[in-house]
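These notes concern the structure reproduced below.
The values are calculated or read from the model by the stated rules, or taken from the named source; none is laboratory data. Quick caveat, the model's predicted, so the values are computed rather than measured. Cβ sites come from the backbone with ideal geometry, for glycine too, and all protein chains shown count toward neighbours.
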Amino acid sequence: MIIVGAGIVGASFAYHAYQNGVDKITVLSSHLPGDTKQATSNTWGWVNGYASNDKSYATFRLANLNYWPKLINHISNLNYTSKGAFIWDQGEKELQQTIKQHQSWRQSVKISTKSELKKHLPNLINIPPMACFGADDLAIDGVRATKELFKASGSKIIETNVKEIVCESNNVIGVKTDDEIINDDEVIIAAGLGAPKLLSTINIPYEMNSSLGLLVYTKPLPPLLKYPITGFDFHARQDDKGRLIIGGKFDDDSSKEENINDTAEKLIQDMSSRLNYNGDMILDHFTLGKRPLPVDGRPKIGRLVNQKGEKLNGIYLAVMHSGITNAPLAGKLGIDEVLTGKRNNLIRDFSPQKIVTQEESQNV
């Protein structure tokens, strides 16, 4: 099996392939795990089940949220850095509707009052009137998870540029790199924003969107935030090294920022004003990551068809945002489909070439 892409989605496919007895797994990627150009290296690391007005997608995210702890139990040197998260990035009425909706979908979310927030976030200066608390939300280091999943998979990772997919009569038989053609029985495309270019080499038009995410990391600090928090114009959490990881409005696009350095410094200044800490918050570094965004916001997982509607054999696509939430079951259920031909109901609605409108997603 060939896996194109060495981020967390590719790592999940490699790990679950190995667990299902695939003994030869080759991972090809121009960026190795931990490379700053990977989307995984630039993730905030919040695993959650939110997908407002899209029950099918929320169900999949919640299933991933429940599967993550089981996966962690089987992987050495991997754990979540915190459990539970607070959000108040909506008006009170809208936030209450979000909570009620996700409770009906069996997600462990509830309203937290101001007094409860003071107890759980004692260092926060401006306590909001209310927030949503996701009891099972996790914070996970995406790079560490990716490396440990690959390590547990026994796969061979090769740093190379995959130029095209090799296909004969609707059968994908391998890939072509800068140096050679590598043949194999199955090619998994988990290349994020690299997927459209690769698919174009077998005459499959594939559109994706992208936005630029900015995250800033402080120097290590004393314990200030036990839980990730998301307000109207910021999100922040503290990692196991004591660093605050701070972003602006959640999923905001930073591509139009004129001076990223100034923006990064301002995020730290603003966070310093929100937390009761007398010392200095110092910028350690910041990351800029391009998010791989399917055009309808849903994961794309499954087999492909050509422009005539004919099924292509030997190729499987998996692209999504957020990978940190969706990767575990994308890999597990994706590998099940590759090996058995059976498609799990959890990914039934996420066919790679099906674009779902917002109205359609609400009716699924």
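Listed values, structure above:
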{"quantity": "Some residue of segment 286-304 being surrounded by fewer than 18 Cβ atoms within 10 Å (Cβ to Cβ), among the aromatic types (Phe, Trp, Tyr) and in contact (Cβ under 8 Å) with a residue 40 or more places away in the chain", "calculated": "no"}
{"quantity": "Residues of segment 36-69 satisfying the condition of being assigned to a loop (DSSP other than H, G, I, E, B), over 16 Å from the mean Cα position of the chain (by Cα) and surrounded by fewer than 20 Cβ atoms within 10 Å (Cβ to Cβ)", "calculated": "52, 53"}
{"quantity": "Residue that is surrounded by the most Cβ atoms within 10 Å (Cβ to Cβ), among those in segment 241-273 that are at pLDDT 95 or above and of a type in the set (D, E, K, R)", "calculated": "243"}
{"quantity": "Any hit, segment 274-291, residues being assigned to a helix (DSSP H, G or I), outside the structural domain of residue 194 (by TED's automatic domain parsing) and modelled with pLDDT of 95 or more", "calculated": "yes"}
{"quantity": "Residue satisfying all of: in segment 324-364; among the small types (Gly, Ala, Ser) and at pLDDT 95 or above; farthest from the chain's Cα centre (by Cα) among these", "calculated": "341"}
{"quantity": "Among the residues listed as 87, 125, 99, 75, the single one being free of Cβ contacts under 8 Å to residues at least 40 places away in the same chain and among the hydrophobic types (A, V, I, L, M, F, W, C)", "calculated": "99"}
{"quantity": "Long-range neighbours under 8 Å by Cβ, at least six apart or interchain, first residue of a type in the set (S, T, N, Q) within segment 187-204, second assigned to a loop (DSSP other than H, G, I, E, B)", "calculated": "200/206; 203/306; 203/307"}
{"quantity": "Filter result for residue 163 (closer than 20 Å to residue 6 by Cβ, at pLDDT 95 or above and within 22 Å of the chain's Cα centre (by Cα))", "calculated": "no"}
{"quantity": "Some residue of segment 206-220 being within 24 Å of residue 120 (Cα to Cα), part of a loop (DSSP other than H, G, I, E, B) and not assigned by TED's automatic domain parsing to the domain that holds residue 315", "calculated": "yes"}
{"quantity": "Among (1) over 18 Å from residue 89 (Cβ atoms); (2) within 27 Å of the chain's Cα centre (by Cα), the one test that residue 270 misses", "calculated": "(1)"}
{"quantity": "Selected residue (only one of 191, 135 is buried (at least 20 other Cβ atoms within 10 Å of the Cβ) and within 27 Å of the chain's Cα centre (by Cα))", "calculated": "191"}
{"quantity": "Qualifying residues in segment 202-234 (those that are surrounded by fewer than 16 Cβ atoms within 10 Å (Cβ to Cβ) and closer than 29 Å to residue 301 by Cα) - the one farthest from the chain's Cα centre (by Cα)", "calculated": "203"}
